[in-house]
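The values are calculated or read from the model by the stated rules, or taken from the named source; none is laboratory data. The structure presented is a predicted model; accordingly, all values stated were derived computationally and were not measured. Glycine also receives a Cβ, built like all others from the backbone with ideal geometry; neighbour counts cover every protein chain displayed. For the accessible areas, the whole protein counts, side chains as well, though only heavy atoms, and no ligand, DNA or RNA atoms are used. Shrake-Rupley method; radii C 1.70, N 1.55, O 1.52, S 1.80 Å.
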Amino acid sequence: MTNNGLGSFKPINTGISGLDEILNGGLVPNRSYLVYGRPGTGKSTLSFQYLMQGVKNSEKVLYITLLQTRNEIREIFASHGWDIKGIEIAELPKEIHEVSTSPQTIFSTADIELNEISDSIVEMIKNHQPSRVVIDSLSELYVLVDNPHQFRQHLLKLKRLLNDMECTSIFTSGDSRDGDLDHIKTIVHGVIELSYEIPSYGMIRRRLSILKMRGMVYRAGYHDFRILTGGLEVFPSMHLAGETSQTGFPVLKSENSQLDELLGGGLQAGTTCLITGTSGAGKSILANQLVLAAANRGEKSSVFCFDERKEIFLRRAEGVGMPFEKLVQGKVIDLQQINVGDLSLGEFAFQVQESVERNRSEIVIIDSLSGYLNAMSEKNLVIPVLHELLGYLGKKGVLTVLIVTTSGLSSDSGFKIDTSYLADSVVLLRHFEAHGQVRRCIAVLKKRYGPHENTIRELSITEKGIEIGQPLSDFAGVLTGTPRYEGPHGKLLQK
């Protein structure tokens, strides 16, 4: 039972789990709701799922169509693989549609047709006595009115009937840019807006927003969703209220003694580490070392690849002595390949959250943050959404590793991000030239929790993994990519 200011009631499930989560359990029973949006936003699909949930609950449900025919609706159900059994479909009588062709001398055709349709809808509801009803769509009625007051009177009459019959109803409507829906929004108990955007590349980005729910606690803001075969899949935005941050998170070691020395013993769970550097400097291998160490401790990880296919990721890991294929098959690592243009910001955040919850992951790798930013069309929202995601992971005690690639082999230009805003720790990997060879180096630039070395060390990648040498104390200007060697020969790692 829920108490949202309307007394104790059992919420009405919509049949869409993500939407029910946003609504704090579902809809208030025996109330009327408006679902509106442009054509193709998913209004009818949402309505069908709402009615199917009623059938699942052994309720009588009614779908009143003012535009589509029964055959068209059956085709929609078939395309989703749904069973239409149990859903009563009601169409307007043919004679009502014929009213508009009859000449009228005293009353306008619109007045007569609106009255006829309104009376017919009332009769359908009284005859079927449903506990759930959908009227699709009010737009077909509104075009018949001469003024909003006339339509409002008919809608109030319908709403009172539905409330008296203890029926929970959904009205659908097309979008309106002229404020035509305002008079409807004031009458209904709640309003759900559906919308979409078409990016220059990739899939359509769909989202919904709860504009109004009287006396209810709900999750405000935009929430991404998809229309798939089988209905709407809603991805609720991050919700950190009520979460309690744990204290005393453990320090996670990498099982590489030189790396742990650089990191002051390791990285703390519940923090975010940014590994940045030039292409090929070893960023992913370094992150994978943390995942391998976690697997050896019996802990699980989630890895999200934006920049390469799963097969290449696994082959590269195996090439440096990391048996990731076996770990993925054993579900120790949840490895997911993210294709550019496939996901919206909200869907990816939900996917990470679902993986952590399902897999009980202790470490999350996003490889790479550069690929993540390039894959998302909503550039202005990327950092705020990512910040919320990192906040959620931090409260869960998850160590999050973000990989960022800078441009070129030695330049520090390219990807720009406020690391102090996102990351608790920053590890820099670079190429440098010495003794006629291109070499790698590593340094810890920042660690918010605990000490760390301030030295720059050489990094080598072999078939046995990573090897970190002693501090490059005989060099000056290593991070510029063209250092000056000021010491004796023989101090670097052998190749």
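Observations
- Dmax and Rg, reported as Rg then Dmax, of the stretch 420-459 (C-alpha, Å): 12.5, 39
- Neighbours of residue 122, meaning other residues whose beta-carbon lies under 13 angstrom from its beta-carbon, give a summed charge of 0 when Lys and Arg score +1 and Asp and Glu score -1.
- Nonlocal amide H pairs with residue 448, under 5 Å, H built at 1.01 Å: 425
- Dipole magnitude of the chain about its Cα centre (Cβ charges: Lys, Arg +1; Asp, Glu -1), debye to nearest 20: 1260
- Percent carbon-and-sulfur accessible area, the stretch 145-221, ignoring ligands, DNA and RNA, probe 1.4 Å: 47
- The stretch 260-328, dipole about Cα centre (Lys/Arg Cβ +1, Asp/Glu Cβ -1), debye to the nearest 20: 180
- Directionally averaged shadow of the stretch 245-374, computed from the convex hull of its alpha-carbon atoms, nm²: 8.4
- Ranking by accessible area, most exposed first, for 342, 367 with a 1.4 Å probe: 342, 367
- Neighbourhood net charge (11 Å Cβ-Cβ; Lys/Arg +1, Asp/Glu -1) for residue 296: 0
- All Cα-Cα separations within the stretch 202-308 were binned at 10 Å from zero, giving a P(r) of 10, 27, 24, 24, 13, 2, each value a whole percent of the pairs.
- Percent of C-alpha pairs per 20 Å bin in the chain, short distances first: 20, 40, 24, 13, 2, 0.
- Of all DSSP beta bridges in the chain, antiparallel share, percent nearest 5: 45
- In the stretch 254-411, lysine pairs with alpha-carbon atoms under 26 angstrom apart (chain gap of 8 or more, or interchain): 18
- FRET efficiency for the pair residue 311 and residue 183, taken as 1/(1 + (r/R0)^6) with r the Cβ-Cβ distance and R0 = 51 Å, rounds to 0.35.
- Helical content of the chain, expressed as a calculated mean residue ellipticity at 222 nm, amounts to -9500 deg cm²/dmol (DSSP H runs of 4 or more residues, -39,500 (n - 2.57) each, divided by residue number, nearest 500).
- The alpha carbon centroids of the stretch 332-353 and the stretch 424-483 are separated by 31 Å.
- Estimated translational D of the stretch 126-176 in µm²/s (Stokes, Kirkwood radius over Cα pairs; 20 °C; 1.002 mPa s): 181
- Averaged per residue, the chain has 46 square angstrom of accessible surface, using a 1.4 angstrom probe with ligands and nucleic acids left out.
- Rounded if a/c under 1.5, otherwise prolate or oblate - the stretch 32-84, Cα gyration tensor axes: oblate
- Calculated on the Cα set of the stretch 129-237, radius of gyration then Dmax: 15.9, 49 Å.
- Packing-based ranking, highest mean first, of 250-257, 147-154 given that Cβ atoms within 10 Å are counted: 250-257, 147-154
- Simple rule: put +1 on each Lys or Arg Cβ and -1 on each Asp or Glu Cβ in the chain, find the dipole, and look at 345, 443, 374; the Cα lying farthest toward the positive end is 443.
- Relative pair counts by distance (%), Cα atoms of the stretch 324-389, 5 Å bins: 4, 15, 26, 25, 16, 10, 4, 1
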